[in-house]
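Presented below is the structure to which this report refers.
The values are calculated or read from the model by the stated rules, or taken from the named source; none is laboratory data. Quick caveat, the model's predicted, so the values are computed rather than measured. Here Cβ is always computed from backbone atoms with ideal geometry, including for glycine, and neighbour counts include all displayed protein chains.
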Ligand SMILES: Cc1cc2nc3c(=O)[nH]c(=O)nc-3n(C[C@H](O)[C@H](O)[C@H](O)COP(=O)(O)O)c2cc1C
């Protein structure tokens, strides 16, 4: 994982994304390849825990306290982009805390904001109103919303599978 802008000729389109288990990253890379854009991975300064339940708890605490965690990096030369595709998973029925940080730490005046959002089956929650309130000067376009695998369900299925295997 890297925060660096992909090499190649500069584009006035940026794909910026946050992804824990890769579902959103697949879409980000597809858009990046299809349109030949720059790519930026949004990462917190301090990574979230490896453990799923710990991540859920931390995300809930940060959401409820309105915390905007500091980011590892900001987008270099953000002013040169006209369109930003912004990808993220739904966390706790809203946009993850780092997405609020990302929106707050860049100037959205005159930008077209095209969200792509993955969720585990419960829909977009309050994420669109978070985008509107944290990037109020952007032109916010209708998002792509896609249901994708849930880490919770994968863990439960694998736990059940492993439980049925006798240790040799
Ligand atoms: C901390 C956490 C909270 C989540 N909360 C929700 C939720 O409220 N609603 C939902 O539909 N999916 C929820 N999910 C599932 C993810 O939105 C879904 O699996 C998404 O595709 C993950 O994207 P990623 O692989 O790019 O990280 C949550 C996942 C995590 C890790």
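Taking the conditions (1) within 14 Å of the ligand (Cβ to nearest atom); (2) buried (at least 16 other Cβ atoms within 10 Å of the Cβ); (3) modelled with pLDDT under 95 in turn, residue 1 satisfies each one other than (2).
So that you can scan it fast, the table gives a plain yes or no per residue for (1) within 22 Å of residue 21 (Cα to Cα); (2) free of Cβ contacts under 8 Å to residues at least 12 places away in the same chain; (3) in contact with a strand residue (DSSP E or B) (Cβ under 6 Å, 6 or more places away or on another chain):
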| position | (1), (2), (3) |
| --- | --- |
| 72 | yes, no, no |
| 102 | yes, no, no |
| 105 | no, no, no |
| 129 | no, yes, no |
| 142 | no, yes, no |
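Within the range 45-60, residues that are under 12 Å from residue 151 (Cβ atoms) reach partners that are more than 9 Å from the ligand (Cβ to nearest atom) and assigned to a loop (DSSP other than H, G, I, E, B) with beta carbons closer than 8 Å, at six or more positions or on different chains, in the pairs 55/49. Whenever a residue of the range 147-167 is without any contact (Cβ under 8 Å) to a residue 40 or more places away in the chain, its partners that are in a loop (DSSP other than H, G, I, E, B) and surrounded by 12 or more Cβ atoms within 10 Å (Cβ to Cβ), lying with C-beta atoms within less than 8 angstrom and at least six residues away or across chains, give the pairs 147/120; 150/120; 153/120.
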